[in-house]
Structure formats: C-alpha cells, structure tokens
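Below: one structure, written as structure tokens.
The values are calculated or read from the model by the stated rules, or taken from the named source; none is laboratory data. Computed from a predicted model, the values in this text were never measured in an experiment. Because the Cβ atoms are built from the backbone with ideal geometry, glycine has one as well, and the counts that use them run over all protein chains shown.
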Amino acid sequence: MNLTKCSNNHFYDSDVYPSCPHCSGGIVENNTIPYVGDDKTQSIYPTIDWDSHDNEKSASGSKDSYVEPDDSKTISIYQNKNVETPAMAPIVGWLVCVKGRFYGQDFRLKSGRNFIGRSIDMDVCLTGENTVSRERHATIIHEPRQNVFIAQPGDSRELFYVNDDVVLSPVRLKKNDVLQIGEVSLMLIPCCDSQFNWVKED
C-alpha cells in the first residue's frame, strides 16, 4: 500500500488510484479502503485514551464534541432455575377498596399482623394517598387458632374507623365490615372462615 496525501489533504492508495479519487469524483460507493497508520503518517481520525483522560474533553479539546457514554444499553438478567423461590404465605383474606383512590382494587392479607400505610414496606400499601399515614396507620390481624380477624390501632396518631365507629382498642371483624382509613374505605372479604381454614401439613 502506497499511502499518498493530495493537495487537499485527502489520503488515498496511489497503488490503486492514479490520482486522488476524492478530488476527481472517482470514489466507488460502498468500497472501503482500510487505512493502516504507522509512525510516519498522521492518523486521519483522532483517538481518545480513556484511561488517561478525564472524560470531559475529546481529542480536539472541545467539550462540545464530547459524546456521553450510552447508559441506555439493555442488560440481560438470567435467573438460576435451580434456586428455589420462597413460598408465599397463604392468603387468608382480602381488603377490597369500595371508596377512594384505589376503588375496585384488592389487597391480600396474610396470617398474623398486616400493617396498613403509604410506605412500600407496608403489607397493605396505599401509595400516594396523603390522607393515610406513611407507617402503620392501622393493623389488621388474622389470628389462626381461632380463625378470626381483628382490627387495632397502628402506631400513627391518626384515627381510623370500622363501620363508622372509631377504633381505639382491638375490634373483632366480620365479613363485609368496612374500614375507613383517611379517604379510603376497605371492605374485608375473608378467605378463611368457619367453612375453610389453611391446614399446615406435617
């Protein structure tokens, strides 16, 4: 390869072209000519040594020509099928929103304590409902031995109601009882009752 530079600063292979193909219009479209630089020739394209630069300037020294790395790449996530997924606790009932922001939605209840609040850490999460306390506005308990549901105040200073009665101490719940927490009304729909209960297998 005989790399030659014309008067217009174009590089071309004089073994292939008798004169500069850029200037004479003799470039064949989609015909790529590899350029291999050496110590005696100047690279056509500047390179950036990312290990020695501060990622703020390009080879020309201009911030305007700097291109941010692509952060929108898709990364595949592979799950190990040999790892067992923890079993979900059986559902003992639901709270169904009959009034307010979550109208028509249901919230699962598990055995034991179910905390209600805006935080994503709550068992019944009423995200974005500012009339509900962030942490433990109310607590719904399923007591598995007697198979009953109980409502009791949470850690919040705010009040809540069962069938329009304020809850200041534990209250036993029955099917279709309605809890009013802030501007949200939730109806209790039991899964476990006198007709059915989850039996733990030995």
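Here are the numbers for the structure shown:
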{"item": "First in the range 92-111 and over 28 Å from residue 199 (Cα atoms) and touching a residue at least 40 places away in the same chain (Cβ under 8 Å), second anywhere and of a type in the set (A, V, I, L, M) and part of a strand (DSSP E or B), Cβ under 6 Å, 6 or more apart", "result": "97/186; 98/187; 100/184"}
{"item": "Search result, residues across the range 134-144 that are under 16 Å from residue 107 (Cα atoms) and in a loop (DSSP other than H, G, I, E, B)", "result": "136, 137"}
{"item": "One residue from 148, 167, 132, 184 being buried (at least 18 other Cβ atoms within 10 Å of the Cβ), assigned by TED's automatic domain parsing to the domain that holds residue 100, more than 18 Å from residue 97 (Cα to Cα) and not aromatic (Phe, Trp, Tyr)", "result": "167"}
{"item": "Matching residues in the range 109-129 - criterion: being surrounded by fewer than 17 Cβ atoms within 10 Å (Cβ to Cβ) and touching a Cys at 6+ places or on another chain (Cβ under 9 Å)", "result": "119"}
{"item": "Residue in the range 113-132 that is of a type in the set (Gly, Ala, Ser) and more than 15 Å from residue 182 (Cα to Cα) present", "result": "no"}
{"item": "Of all residues making up the range 145-196, the number that are part of a loop (DSSP other than H, G, I, E, B), under 16 Å from residue 112 (Cα atoms) and out of contact with any Cys (no Cβ under 9 Å at 6 or more places or on another chain)", "result": "7"}
